[in-house]
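J.: Mind having a look at this structure? Questions to follow.
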Amino acid sequence: MSIDQLDLTFPPTVPAVGRYHETPECLSPAALYSLIELSDDELRELRSACESEYVDEANGNVRLAHRTRFVGETLQAIVDYHLEHCHGEEYDPIRFIVAVSKDWNEDGVLLVTLDDDELACQPDKIRLKAKRAGLAVANLQIANMDWEDFKEYDLDGEAQTDDEDDGQGDDSDDSDDSDDEGDSDEDSDDDGDDEDKPTAPDDPGSPEHGPVPPKRNAPEGFYIGVYAIQGVDLKALINAVNFADWGRKRQDFNTRLQAVLPASGDFIANAMALHPRRCETNQWLHKFLFFIADTTDPMENGVLLVSLGGESKHGTLTFPAGATQRFPCDATDAVNLGVVAMDQGIRAWTRDQGPVVAVFFYGPGKESVDAAVSLWDREQEGDRKHEERNPWEQAFVFPPDEECPDDGEPVAIQYSLEEALRRWPGFCYANRFDEKLVRNLFICVDKADVKREGVLIVKVDWNLRGGIKSAKDDDLVGKAEIWRVDGQTAYEKFRGLVDGSVAWEGGRLE
């Protein structure tokens, strides 16, 4: 069946989504549905493709719906199902993805919203390449781009010309209004003298007054300030925290440089003293959260998020004054899952859950990892399941199940205990900014019946005194002990090993 033969009609409005207008935007995964026949393996491949440009490999943002297949049915049937079954935190209640062609790699997928930018409960859909879908959902969730922005691009993510836009483009001469989105000067935002033009996002402006701010607020409702020490590649830094490759014009970047700081001295104190003055210049600058690139290699060492103290938008959370924490230098972790989530009141400054444990699964254990995690969920605070928790709330992380070599084709990783040990240093390095990840212990689910046959706790013997970077290529095969423990109490024992209340009873791996 071709795409043209599918019934992709919508009702004019979906009033049921109005209940989400007064709640903070969720960062839950988008549900994936299919209107055409796809095998289980094809659905998993499609889900993986949809996440391929999403940065957070440990926590994807596309998930197969509990009922995925709607073959022979209509898009309206999917809408009805989604409204009834996807209103918690397990799935994004507003947006979802639909497969409409077996050749989805060429024909793309549908991205559906049940509520457009006007909050009028009006549904809409666009077709885009599968690899763009997951990142598109993330950008919509944190208002990095709005729905109308996406409609300006074609299937491949290229900006449409006026001719391609079905005659709906602006017919006025480009020279009439330099505030038009089509302005050829990427750093121009408005007519007027050069002194009044907004400064480029990677330009710190004058030392006294800082950069000239944009003429309008960012879609997120605020801009985020960045301070950098001398020696940082400023353009690379600002590109990294702005999804620079995803079509947003540079003059619309929401994370913008505010000053270059001397590499010597207390640059944190200097930035904290300078930021209120920058807020006087830019009324839309976030008042109490900003970043500092405190080393000359922020891609390797991350950036500091600094809090001057304040409350989230809905007054649900309070943030401490003078506190700092380190984030990866990228837009997903630092901006989306950091500042935006905190501003919306859905992420606290500190993480309350216990130690974070990596869980490998292989052999018969592939079919039982969900059962194992369900058992361990009982040991966590709160009553939400693992899959319902936001990425920063999850106590279990899972190493990637595939990797992409130079040719770009994903290859499944065939895990075993030895393979887990070989990949463990690299995994710890990739997750080096997660302070709660336990680096000398992990769990392997290798049996079909975790209640009866248990799981393995693996203890690795390696020296991290020189830092994770110096140890990322260590060979740990032959340098580990294992302890098979009861599956139901595995996480409890794991926590006890971390806090010292449980003694190790394992033995050397032969």
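J.: Treat the count of other C-beta atoms within 10 Å as a stand-in for reagent exposure and order Thr74, Thr9, Thr255 from fewest to most.
T.: On the way: Thr74 15, Thr9 8, Thr255 26.
If I rank by nearby Cβ atoms, fewest first, I get Thr9, Thr74, Thr255.
J.: At 7 Å along Cα-to-Cβ for each site, give me the label-to-label distance between His85 and Ile3 in nm.
T.: Reported label-point gap for His85 and Ile3 is 2.5 nm.
J.: Counting only the backbone N, which residues of the stretch 301-319 are under 20 Å from the spot 7 Å out from the Cα of Gln283 toward its beta-carbon?
T.: What the label zone holds, given the 20 Å backbone N cut-off, is 313.
J.: Mind checking which lysines have their C-alpha under 26 Å from Lys249, skipping anything on the same chain fewer than 8 residues away?
T.: Output for Lys249: Lys125, Lys129, Lys131, Lys151, Lys197, Lys215, Lys235, Lys287.
J.: What are the lysines whose alpha-carbon lies under 22 Å from the alpha-carbon of Lys469, with same-chain residues fewer than 8 places away excluded?
T.: Candidates past the 8-residue exclusion: Lys436, Lys459, Lys479.
J.: I would also like to ask the following. Compute the FRET efficiency between Asp107 and Asp40 as 1/(1 + (r/R0)^6), taking r as their Cβ-Cβ distance and R0 = 25 Å, and round to the nearest 0.05.
T.: After rounding to 0.05, the efficiency reads 0.75.
J.: Follow-up question, since we're still on this one. List the trypsin sites (Lys or Arg not before Pro) within the stretch 225-312 that DSSP assigns to loop and that have no more than 11 neighbouring Cβ atoms inside 10 Å. Display every interim value, and only then the final one.
T.: On the way: sites: Lys235, Arg248, Lys249, Arg250, Arg256, Arg277, Arg278, Lys287; in loops: Arg248, Lys249.
Passing sites in the stretch 225-312 do not exist.
J.: If each residue of separation counts as 0.36 nm, what is the full-extension length gain between Ile413 and Ala236 once their alpha-carbon separation is subtracted?
T.: On the way: separation 177, 0.36 × 177 = 63.72 nm, distance 3.18 nm.
My answer for the length gained is 60.5 nm.
J.: For the stretch 403-454, state which GluC sites (Glu not before Pro) are in a DSSP loop and have at most 10 other beta carbons lying within 10 Å of their beta carbon.
T.: Glu435
J.: Which order results if His209, His275 are arranged by neighbouring Cβ count within 10 Å, fewest first? Don't jump to the answer; show the numbers that get you there.
T.: Values: His209 11, His275 23.
With the fewest neighbours first, His209, His275 line up as His209, His275.
J.: What FRET efficiency would be calculated for the residue pair Lys215, Glu435, taking the C-beta separation as r and a Förster radius of 45 Å, to the nearest 0.05?
T.: Using R0 = 45 Å, I get an efficiency of 0.70.
J.: For the stretch 93-126, list residues with backbone N below 18 Å from a point placed 7 Å from the Cα of Arg69 toward its Cβ?
T.: Inside the label zone: 98-104.
J.: Ok, one more. Quick check on the exposure proxy: order Leu261, Leu337 from fewest to most C-beta atoms within 10 angstrom. Display every interim value, and only then the final one.
T.: Values: Leu261 22, Leu337 25.
Going from sparsest to densest Cβ surroundings: Leu261, Leu337.
J.: So how far, in whole Å, is the C-alpha centre of the stretch 445-510 from the one of the stretch 317-362?
T.: After rounding, the separation between the Cα centres reads 26 Å.
J.: Starting from the Cα of Val498, step 7 Å toward the Cβ, then list every residue of the stretch 448-468 with an amide N under 16 Å from that point.
T.: Within reach of a label on Val498, which here means backbone N under 16 Å from a point 7 Å along Cα→Cβ, the stretch 448-468 contributes 457-460.
J.: Sticking with this structure for a sec: Which FRET efficiency value, to the nearest 0.05, is calculated for Val477 and Asp146 with the Förster distance at 45 angstrom and r the Cβ-Cβ distance?
T.: So, using R0 = 45 Å, E works out to roughly 0.35.
J.: Give me the distance in nm between label points sitting 7 Å out from Cα along the Cα-to-Cβ direction at Arg508 and Glu367, one decimal.
T.: So the two model labels end up 3.6 nm from each other.
Computed from the coordinates by the stated procedures, all read-outs in this text should not be read as laboratory data. Every value quoted in this text rests on a predicted model; they were computed, and no experiment measured them. Because the Cβ atoms are built from the backbone with ideal geometry, glycine has one as well, and the counts that use them run over all protein chains shown.
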